[in-house]
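Working notes for the structure below.
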Amino acid sequence: LEKRIRRKLEIARLLDAITARRVDAFTANSAAIMEANIQALRLVRDRVRVIHRGRDPSRFETLGPEERKAARARLGLSQDALVVLNTSRHLDRKGLREAVHAFKAVAERFPNAVFLLAGDGPDRPTLQGIVAEAGLDGRVRFLGMRDDVPELLQIADLFVFPSHYEGHPGALIEAMMAAVPIVATDIDVHRETVAHAESALLVPIDSPRELAQAMSRLLEDRKLAAKLGTEARR
């Protein structure tokens, strides 16, 4: 099956490369995607323009203190809970397995920390198994598909985004809009979007230990966390 899928992808790329010669202009939603497509499809660089993804910032600054308390209560969260959030499809490339392993160390250090996973996907059963094996039932919660992501971001203390690769992640942009402190992987498109130690903390791919250290640092140093969140929104 994998060979057949790979073969279909190769054929699709070949057709794209051939038909691309008849196209006057292309857009890419990040410089990283632009470079990848220039190489894969043999595009003429002058024909490609980067248009980054965006969001309406007003959707991510609507909750006052009392509304935040009510939103937490609706999710069964205590007001003193340290809420770690990820919003993404449950796919292997999203790095959620590493995030759960990292959270185990965070949970041992912060008894009131909880990890909310908003989204769904084929990797969910595997993730649920890892959570159960790690003894994190109740500390890691699977929220499923949501239509209230702006609200979830506004009640979170930390946003974790450990993807292995991305195009230009809308989820990361939304976290920035909400001024949530961010820990993300150190990949080209993330560096294009946030700056390490200025608007986020970036860690290596597939490194639960360093991911846990960065998460713990921002949950402990709330002054630094607020500074990163404010700069990300700006």
Accessible-area ranking of ILE33, ILE130, largest first, probe 1.4 Å: ILE33, ILE130
Let me see the P(r) profile for segment 3-56: every Cα-Cα distance counted, bins of 10 Å, each bin given as a percent of all pairs. 23, 45, 26, 6, 0
Provide, in order from the shortest bin, the percent of all Cα-Cα pairs of segment 151-200 in each 5 Å bin, continuing until the bin that contains the maximum pair distance. 5, 23, 37, 23, 11, 2
Report LYS8's accessible area, 1.4 Å probe, all protein chains in place, as a number in Å² to the nearest 10. 140 Å²
Accessible area of SER58, 1.4 Å probe, to the nearest 10 Å²? 60 Å²
So what does LEU143 come to for accessible area, using a 1.4 Å probe and Å² rounded to 10? 30 Å²
Alpha carbon centre of segment 213-232 versus segment 1-34: separation in Å? 39 Å
Relative to the first principal axis of the alpha-carbon coordinates of the chain, what is the inclination of helix 124-133, with its axis defined by its Cα atoms, in degrees from 0 to 90 and to the nearest 10? 40 degrees
Acute angle (nearest 10 degrees) that the helix 96-109 long axis makes with the longest principal axis of the chain, alpha-carbon atoms: 20 degrees
Ratio of the Cα radius of gyration of segment 55-169 to 2.2 N^0.38 Å, where N counts its residues: 1.05
For the chain, the Debye formula with one identical point scatterer on each Cα and no solvent gives log10 I(q)/I(0) at q = 0.08 Å⁻¹ as -0.33
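The values are calculated or read from the model by the stated rules, or taken from the named source; none is laboratory data. If you're wondering where the values come from, they're calculated on a predicted model, not measured in any experiment. Note: accessible area is taken over every heavy atom of the protein model, side chains too, but ligands, DNA and RNA are not part of it. Shrake-Rupley method; radii C 1.70, N 1.55, O 1.52, S 1.80 Å.
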